[in-house]
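Have a look at the structure below before the remarks.
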Amino acid sequence: MTPPATALRNYDAVELRRLDLAHHLPAQADYGEIRDLGGSRIITRAEGCKFWDVDGKSYLDGMAGLWCVGIGYGRKELAEVAYEQMLELPYYNSFFKTATAPAVRLAAKIASITGGELQHVFFNSSGSEAVDTMFRMVRHYWAVQGQPYKNIFIARRNGYHGSTVAGASLGGMSAMHAIGSLPIPGIEHVIQPYAFNEGFGEDEEAFAARCAQEVEDRILKVGPQNVAAFVGEPIQGAGGVIIPPKGYWQRIEAICRKYNVLLVADEVICGFGRTGQWFGHNTFGFTPDIITTAKQLSSGYAPISATIASRAIVEVLREKGGDFVHGYTYSGHPMCCAVAERNLEIIEREDLVTRTREVTGPYLANALQRLADHELVGQVRSKGLLGAVEIVSEPGTNHRFGGKEGKAGPIVRDACIANGLMVRGIRDSVVMCPPLTISTDEIDFMVDKIEKSLNQVLPKLRAL
Ligand SMILES: *Cc1c(COP(=O)(O)O)cnc(C)c1O
């Protein structure tokens, strides 16, 4: 597919790389490595499920940007909505008893989708901010009920909740904790429900029970009167597309209810259709008190996130909360809200949630099975349009190349990218999260490229 002529511009690749090196610090990167590579990969245009770099090379986007471009690229409708809103009211804030029409409309739209008790929406600009809002709201909720010491969060090792101080602290990634002396106090990390590592060879139910037991033990150890909330992603995304064992979330939910601990689902990746239901908690069948959402809320067309709280929580804030002294300049940004609302309408109009559940999700699961017997593959797994391929040094085991996690993954990922497929390598798995609009042909292309890349790097991995 050739990109639309309107999107074609003549960029000077050499000059852009020079300026990138001289002035730009990209996110989540090793600056020494970028210097040695002579600058970042520069992306210039996109359409559908494909994007192009400054050198004209095309890629199938197996990552929906960064887990967000649900409806695919090039949606003129969203550009028009943004344009119209910017002319009518480009900005107004939501501080001090104020709101704008797009923010109110989007909140109502979201509440109609979440249904049930999740009826109140606080807007932010990013997933990390949605998590920070949740963090302060949860502690405030307990404090105003005379329980200021009920402020500890239980989260999982290798979970991902963003990059702010609270988000990175709730997250359970040691490499992130190492930057900035994190985590902050008041966070307890417990086992992740990662069957291929922590529960390898264990019966699924038994592993789920063991993970839940660790949560209960930790609550008892720190004292239930001190535990504010349990926080987890329905499926861990950035941690490596970790799909919990059957019964895990039911057990966690029961423990939270037993000890009067709030249950928070970080739905920043799972939200708005990714797993084949509107939310990950629908897919796994549990009922959280608060959810955090971002990414597919606007399909990445505008920066916006939402922290969505239950009626019961907001009732307490109304009765006892006083001033909720929290908010961002861009909370409820009218242009972002207008774009997000139209994005959700497109997801509904094109029935992308059902399509993910009934067509493309099962198709991806089937296609990945073609890799299951490959000599480098220890496991393939997927749910909806989230998938992972575990790379192992010996079939039937979870042994890793070079005797250590994290050596093989980046090598396979780089081969995929060179072959025109954007995926991520997380430790030793190749993970994918394509737009919800991906076609079955494109799914085949994606899986074929992964297979081709595995075959190409086989000798290199064997030499590790
Ligand atoms: C991406 C992500 C975040 C952080 O979102 P940002 O928009 O990058 O701040 C938080 N939680 C989860 C589960 C995520 O995947």
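The values are calculated or read from the model by the stated rules, or taken from the named source; none is laboratory data. The structure presented is a predicted model; accordingly, all values stated were derived computationally and were not measured. Note that each Cβ is placed from the backbone with ideal geometry, even for glycine, and that neighbours are counted across all protein chains shown. For the accessible areas, the whole protein counts, side chains as well, though only heavy atoms, and no ligand, DNA or RNA atoms are used. Shrake-Rupley method; radii C 1.70, N 1.55, O 1.52, S 1.80 Å.
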Consider Thr98 against the criteria (1) assigned to a loop (DSSP other than H, G, I, E, B); (2) out of contact with any helix residue (DSSP H, G or I) (no Cβ under 9 Å at 6 or more places or on another chain); (3) of a type in the set (Ser, Thr, Tyr); (4) in contact (Cβ under 8 Å) with a residue 40 or more places away in the chain: it satisfies all of them except one. Which criterion is unmet? (4)
Name the residues in the range 382-412 that are within 30 Å of Thr354 (Cα to Cα), open to solvent by 30 Å² or more (accessible area, probe 1.4 Å) and out of contact with any Ser or Thr (no Cβ under 6 Å at 6 or more places or on another chain), would you? Ser382
Residue pairs, Cβ under 8 Å, 6 or more apart or interchain, first in the range 1-28 and under 30 Å from Met173 (Cα atoms), second modelled with pLDDT of 65 or more and loosely packed, with under 10 Cβ neighbours inside 10 Å. List them. none
Just checking, does the range 240-251 include any residue being in contact with a Phe, Trp or Tyr (Cβ under 9 Å, 6 or more places away or on another chain), hydroxyl-bearing (Ser, Thr, Tyr) and closer than 24 Å to Ala206 by Cβ? yes
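Would you call Asp428 surrounded by fewer than 24 Cβ atoms within 10 Å (Cβ to Cβ), without any contact (Cβ under 8 Å) to a residue 40 or more places away in the chain and charged (D, E, K, R)?
Here the answer is no, as Asp428 does not meet what is asked.
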Do the conditions hold for Tyr301, that is, is it open to solvent by 30 Å² or more (accessible area, probe 1.4 Å), in contact with a Leu (Cβ under 6 Å, 6 or more places away or on another chain) and either closer than 17 Å to Ala107 by Cβ or within 16 Å of the ligand (Cβ to nearest atom) (or both)? yes
Unmet requirement for Gly240, which otherwise passes all of (1) in contact (Cβ under 8 Å) with a residue 60 or more places away in the chain; (2) out of contact with any Gly (no Cβ under 8 Å at 6 or more places or on another chain); (3) under 29 Å from Gln147 (Cα atoms): (3)
